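Dropping the structure in here first, questions after.
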Amino acid sequence: MSHPEIEGLHFGNNSVFFSIFSCYVNLINLCVGVFFLFSGKASVEIAEMSSGLQLVPITPQKHDPAWKHCQMFKNGDRVQLKCLYCHKLFKGGGIHRIKEHLAGHKGNASTCHSVPPEVQIIMQESLDGVTMKKKKRQKLDEEMTNVNAMTGEVDAISNHMDMDSSLQLIEVAEPLETSSALLMNHEEGTSNKLGRKRGSKGKSSCVERGMIVIPNGGGILDSNKVNNQVHMAVGRFLYDIGASLEAVNSAYFQPMIESIVSASTGIIPPSYHDIRGWILKNSVEEVRSDFDRCKATWGKTGCSVMVDQWRTEAGRTMLIFLVYCPEGTVFLESVDASGIMDSPDLLYELLKKVVEQVGVKHVLQVITRCEENYAIAGRKLSDTYPTLYWTPCAASCVDLILGDFGNIESVNTVIEQARSITRFVYNNSMVLNMVRRYTYGNDILEPCATRSATNFATLNRMVELKRCLQTMVTSQEWMDSPYSKRPGGLEMLDLISSESFWSSCNSIIRLTNPLLRVFRIVGSGKRPAMGYVYAAMYNAKLAIKTELVDRERYMVYWNIIDQRWGQQWNHPLHAAGFYLNPKFFYSIEGGEMHGEIASGMFDCIERLVSDTKIQDKIIKEINSYKNAVGDLGRKMAIRARETLLPAEWWSTYASSCPCLSRLAIRILSQTCSSVGLKQNQILFDKLHDTRNHIEHQRLSDLVFVRFNLQLKQMAAKANEQYQVDPLSFDGLSIVDDWVWRRDLCAEDYGNLEWTVLDSPPSGSTRLLPLHNDCDDLVAGFDDLEVFKRQRESEDDNIS
């Protein structure tokens with residue numbers, strides 16, 4: 001506020017008087033400004049209250065930067081936005097108009113005069129980015145229009161060539177130098193066809209014959225040659241940097257290619273400083289947004305803290321901390337625990353710190369490996385925080401069980417016999433080609449997450465391909481092959497022709513396939529495993545008993561299971577997950593739940609619900625659950641017991657049991673195992689070797705981005721099936737025993753040249769599971785011997 005009549009007074013050289021008067025003027029200006037600011041804000045708030053506007057929280061899913069600088073109100077069915085700086089209320093135009101308002105764009109919205117300069121710059125940059133995207137989209141649409149127009153010309157050229165056989169295509173030696181968008185058919189999703197629409201009739205065009213027309217009289221090119229040039233460029237790049245060749249299977253590889261294609265020619269690749277600078281910064285922000293989206297659900301579903309242990313090339317013991325919820329698994333941090341692994345007390349302090357970082361009220365369990373130091377630290381942690389459990393990793397326990405099964409002499413003998421077949425096949429290129437042809441593109445080796453699981457999955461795969469293998473070794477092609485006369489070939493012929501060998505394989509897989517199913521269930525990213533793990537292990541033990549019949553025989557295997565799985569049988573969360581899964585709960589005849597399962601459910605109520613009044617309400621609501629009262633007994637709810645995920649069933653039909661429903665959703669939303677990330681020891685060694693604080697923080701952010709992107713990719717691919725090459729360098733450590741032998745005879749080696757290996761046939765028939773593992777679990781659970789878990793050494797009889 002200006003006062004010209006005061007400013008025009010002259011005080012001569014009296015500087016003291018002038019200073020006092022200047023302070024007085026400034027004080028008046030400040031008071032007047034505060035008054036108008038306060039009165040303006042108050043008037044806005046009063047106006048909002050009187051107009052019936054209801055403040056609506058802005059969800060984490062809204063990623064536009066302008067959402068941080070406005071408030072959202074609801075007036076009936078209409079949504080209105082208010083600027084945080086000038087308090088102007090916009091009744092339409094959405095977030096884009098707010099952004100224009102903050103950026104100072106005139107036209108669609110008035111300019112905000114109170115916005116901070118840095119915010120105005122950010123809004124301007126965001127608007128510029130939207131404009132650039134629109135221009136690129138328009139340019140791509142124009143190019144695709146030109147391509148469609150060219151299709152008619154290509155057909156005309158093709159028809160003319162068919163009439164005049166004297167015309168020939170001229171091979172162009174120079175690389176294709178035109179818009180790479182011409183290589184992309186957006187309707188078909190392929191990169192080497194621009195063909196006519198589906199269902200079109202007539203002769204095929206040049207493009208459908210694998211040719212590309214260069215616009216502006218550039219001639220015609222073989223599209224295969226263009227693709228080969230692109231593929232060679234990608235290959236040279238990966239070979240040069242020493243990256244894993246599995247990089248091309250990344251979910252982010254194809255979007256990268258498409259992004260380059262859409263940018264057309266003249267694109268400037270990012271520099272070294274771009275990659276480690278603003279690109280990493282933006283990636284951290286993107287990943288952090290996904291992290292926050294998952295975190296926002298922890299209040300409803302709860303979460304599990306998972307601890308994975310790695311050993312780096314430098315000898316460090318790394319602990320990787322992840323957080324699981326149905327919305328997704330996120331990477332939290334990594335810690336160099338080399339100096340604390342022998343001290344349960346120090347390990348406890350580390351676990352405690354992580355739990356507090358996540359939020360004690362959100363954590364239902366901390367999942368670690370089964371070793372004694374983890375067990376001591378985990379129990380101490382659950383004593384400190386009575387509202388959470390320590391849980392040994394179920395996948396690790398199943399893997400140990402499978403390992404013990406494999407050490408049984410009779411089982412190990414059959415595994416070694418099967419390995420003699422795969423060692424011969426996978427060390428001879430010509431034999432491997434022949435096997436893949438006769439098995440329709442399938443491998444006889446099936447890599448899994450662990451060595452023990454691989455052993456029995458491979459036996460199962462070989463049994464599935466038995467007829468194909470027998471057809472091959474009795475074929476004229478095999479008899480005429482020089483490899484059939486070698487010691488390894490003769491041994492393979494004897495085993496594949498031996499019914500005794502196949503009978504032993506069948507007996508073993510009938511014992512181990514149910515355990516492999518448990519392994520897949522507890523390690524699956526498709527659905528939370530907590531509602532299925534108890535039933536899965538029950539089914540596995542029952543299958544072993546059914547197969548062997550004689551108690552003395554099946555107790556050999558049961559004792560192994562009970563020794564390794566003892567902590568899991570007694571785990572209240574697993575029992576409660578079984579109790580709260582309606583598929584299993586209502587399948588028990590007479591509705592009488594086994595005492596051990598009911599006891600586990602009560603333990604969870606007391607531990608996970610601290611309010612005794614709510615505990616009492618849950619006990620009352622359990623009776624409604626038992627008797628299927630109200631919506632729980634609807635025909636839809638009865639059918640949905642088999643089709644909906646357990647947590648979804650409770651969320652849909654259990655409104656009459658609100659307290660029990662909240663607890664059920666939290667328990668049934670948990671996993672049972674730690675997720676196995678692809679290890680990158682080099683990255684961790686670099687991180688913990690770096691002493692500069694700035695570079696250490698940069699590497700920490702790089703690790704954060706890298707593993708969260710990997711977890712997101714794993715979740716996206718959970719329902720997809722991939723054929724893993726057993727000879728892939730990245731998986732050789734798992735299948736090493738099946739493809740290499742120190743004492744293999746020199747004459748057994750045939751053609752070792754990898755270049756003669758055939759590519760997998762495009763029409764190969766993959767062997768895939770026909771059913772969902774959880775859906776195959778048998779209901780009933782009436783064999784009390786499985787629950788009692790009595791050992792062979794016990795004298796009491798089981799009726």
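The values are calculated or read from the model by the stated rules, or taken from the named source; none is laboratory data. Note that the structure is predicted; figures quoted are calculated from it, not measured. With ideal geometry, Cβ positions are generated from the backbone for all residues, glycine too; neighbour counts draw on all protein chains shown.
Report yes if His96 is at pLDDT 85 or above, in a loop (DSSP other than H, G, I, E, B), surrounded by fewer than 18 Cβ atoms within 10 Å (Cβ to Cβ) and of a type outside the set (Gly, Ala, Ser), otherwise no.
So His96 fails the test.
Then there is this: Does Gly315 satisfy the criteria of being in the same structural domain as Ile694 (by TED's automatic domain parsing), buried (at least 20 other Cβ atoms within 10 Å of the Cβ) and on the phi > 0 side of the Ramachandran plot?
No.
Any idea how many residues of region 311-333 are touching a helix residue (DSSP H, G or I) at 6+ places or on another chain (Cβ under 8 Å), at pLDDT below 90 and not β-branched (Val, Ile, Thr)? Please lay out each step first, then the result.
Filtering region 311-333 for residues touching a helix residue (DSSP H, G or I) at 6+ places or on another chain (Cβ under 8 Å) gives 311-314, 316, 318-323, 325-333.
With the extra rule that they be at pLDDT below 90, the set shrinks to 311-314, 316, 318.
Filter once more, keeping what is not β-branched (Val, Ile, Thr): 311, 313-314, 316, 318.
Within region 311-333, residues that are touching a helix residue (DSSP H, G or I) at 6+ places or on another chain (Cβ under 8 Å), at pLDDT below 90 and not β-branched (Val, Ile, Thr) number 5.
List the number of the failed condition for Arg639; all other conditions in (1) in a helix (DSSP H, G or I); (2) more than 18 Å from Tyr532 (Cβ to Cβ); (3) touching a residue at least 12 places away in the same chain (Cβ under 8 Å) hold.
It is condition (3) that Arg639 fails.
If you don't mind, another one. I'm trying to understand the selection: among the residues of region 526-545, which are within 16 Å of Pro572 (Cα to Cα) and either out of contact with any Cys (no Cβ under 9 Å at 6 or more places or on another chain) or surrounded by fewer than 22 Cβ atoms within 10 Å (Cβ to Cβ) (or both)?
Tyr534, Met537, Tyr538
Give all pairs with beta carbons closer than 6 Å in which a residue from region 557-583 that is over 21 Å from Pro386 (Cβ atoms) meets a residue that is aromatic (Phe, Trp, Tyr) and part of a helix (DSSP H, G or I); count only pairs at least 6 apart in sequence or on separate chains.
Short answer, once both residue conditions are applied: Phe578/Tyr534; Phe578/Phe584; Pro582/Trp649.
Right, something else. If you scan region 642-656, which residues turn out to be exposed (fewer than 14 other Cβ atoms within 10 Å of the Cβ) and in a helix (DSSP H, G or I)?
Within region 642-656, Glu642, Thr643 meet the criteria.
Look at Ser656 and say whether it is at pLDDT 95 or above and under 30 Å from Asn581 (Cβ atoms). Don't jump to the end; show me each part of the working.
Details: at pLDDT 95 or above: no; under 30 Å from Asn581 (Cβ atoms): yes.
Judged against the criteria, Ser656 is not a match.
Using the structure shown, decide if Ala449 is small (Gly, Ala, Ser), in contact (Cβ under 8 Å) with a residue 40 or more places away in the chain and either at positive phi or surrounded by fewer than 17 Cβ atoms within 10 Å (Cβ to Cβ) (or both).
Criteria met by Ala449.
Is it fair to say Ile122 is modelled with pLDDT of 80 or more and either of a type in the set (Phe, Trp, Tyr) or within 30 Å of Glu258 (Cα to Cα) (or both)?
yes
Find the helices (runs of 4 or more DSSP H) located wholly in region 324-433 whose residues include 2 or more that are buried (at least 18 other Cβ atoms within 10 Å of the Cβ) and basic (Lys, Arg), and list them.
Counting at least 2 such residues, we get 409-425.
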